[in-house]
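S.K.: Quick one: this structure, given as structure tokens, is what I'll be asking you about.
The values are calculated or read from the model by the stated rules, or taken from the named source; none is laboratory data. Given the structure is predicted, the values throughout are model-derived calculations rather than measurements. Don't worry about glycine lacking a Cβ; one is built from the backbone with ideal geometry, like all the others, and counts go over all protein chains shown. Just so you know, the surface numbers come from the protein's heavy atoms only, side chains and all, with ligands and any DNA or RNA stripped out. Shrake-Rupley method; radii C 1.70, N 1.55, O 1.52, S 1.80 Å.
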Amino acid sequence: MVSMLMLRVTLVLMGILTELYAKETTQDFISKYNKYNTVCRGMGYETKSCKGRNHGAIAFHARMSSNLQNLGKHAVVVFGKVTLNSGSAYNGKTGIFTAPTDGIYSFTWTILTKPGSRFNTEIVINGNIVGYSYVNGKDGSSQYESSSTTAVIRMKKKDKVWIRTYGGDGKYAYNNWSSFSGFQL
């Protein structure tokens, strides 16, 4: 008998609960959502867009479009074959990245030289040196030499970053294996 009574009570409770939740309108749901959202923003959480995971991502990747050789002192190294430019912050014609927003950005560049050649570079922000990459091939060597360097830089909106030759050491760089990439953290 107790089990039958328990079953009836359970069924009645389920019916009441179903009725209570079934009467919630779309407007009731939106109102509750807005209240929860207000509380979360008050706690410091940011509202995110539902338009896609990459919405607003700032990232680029480019390779040299031709071999470079005998560049002068502080010549901008242009990586003209752009394969990714989310946020349109990298200019493949000038080789300059312009920060669209304040933030911390990570940049990596790789240079490959032919045997016996060198191609030394530096990364600069608004003309100020942040880091170096040295690729010095040994004279008489048959080995190709490469170097990759990463720099993490705090930038303000409209700050500019580029790779340039260090001194007059832009002797020879291969296009297909030399690249420059960056993204906002």
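S.K.: Given R₀ = 25 Å, FRET efficiency for residue 70-residue 159 by Cβ-Cβ distance, to 0.05? Intermediate results must be reported in sequence, preceding the final value.
M.R.: Working: r = 30 Å, r/R0 = 1.19.
Taking R0 as 25 Å, the efficiency between residue 70 and residue 159 is 0.25.
S.K.: OK, next. Given the whole protein assembly as supplied and a 1.4 Å probe, what does the accessible area of residue 79 come to in Å², nearest 10?
M.R.: So the heavy atoms of residue 79 present about 0 Å² to solvent.
S.K.: If each residue of separation counts as 0.36 nm, what is the full-extension length gain between residue 104 and residue 144 once their alpha-carbon separation is subtracted?
M.R.: Full extension of this stretch gives 11.1 nm more.
S.K.: Here's another thing I want to ask about it. Working from the pairwise distances between different alpha carbons, so that the mean of 1/r is found and then inverted, what is the range 70-110's Kirkwood radius in Å? Display every interim value, and only then the final one.
M.R.: Details: mean 1/r = 0.0845 Å⁻¹.
Every distinct Cα pair counted, the radius reaches 11.8 Å.
S.K.: At 1.4 Å probe size, with the rest of the protein present, what percent of the exposed accessible area of the range 88-185 is carbon and sulfur atoms?
M.R.: 47
S.K.: Now a separate question. For the range 102-174, go through all pairs of different Cα atoms, get the mean of 1/r, take its inverse, and jot down that Kirkwood value in Å.
M.R.: When all Cα pairs of the range 102-174 are included, the Kirkwood radius is 12.9 Å.
S.K.: A follow-up question, please. Given a Förster distance of 35 Å, report the FRET efficiency between residue 126 and residue 81 from their Cβ-Cβ distance, rounded to the nearest 0.05.
M.R.: Calculated transfer efficiency: 0.85.
S.K.: Here's a follow-up. If you wrap a convex hull around the alpha carbons of the range 58-153, what volume per residue comes out, as a whole number of Å³?
M.R.: Spelled out: Cα convex hull of the range 58-153, divided by residues, is 99 Å³.
S.K.: Would you mind checking the pairs 73/93; 81/156; 73/156 and listing those with alpha carbons more than 21 angstrom apart?
M.R.: Numbers: 73/93 19 Å; 81/156 26 Å; 73/156 27 Å.
In this structure, 81/156; 73/156 exceed 21 Å between Cα atoms.
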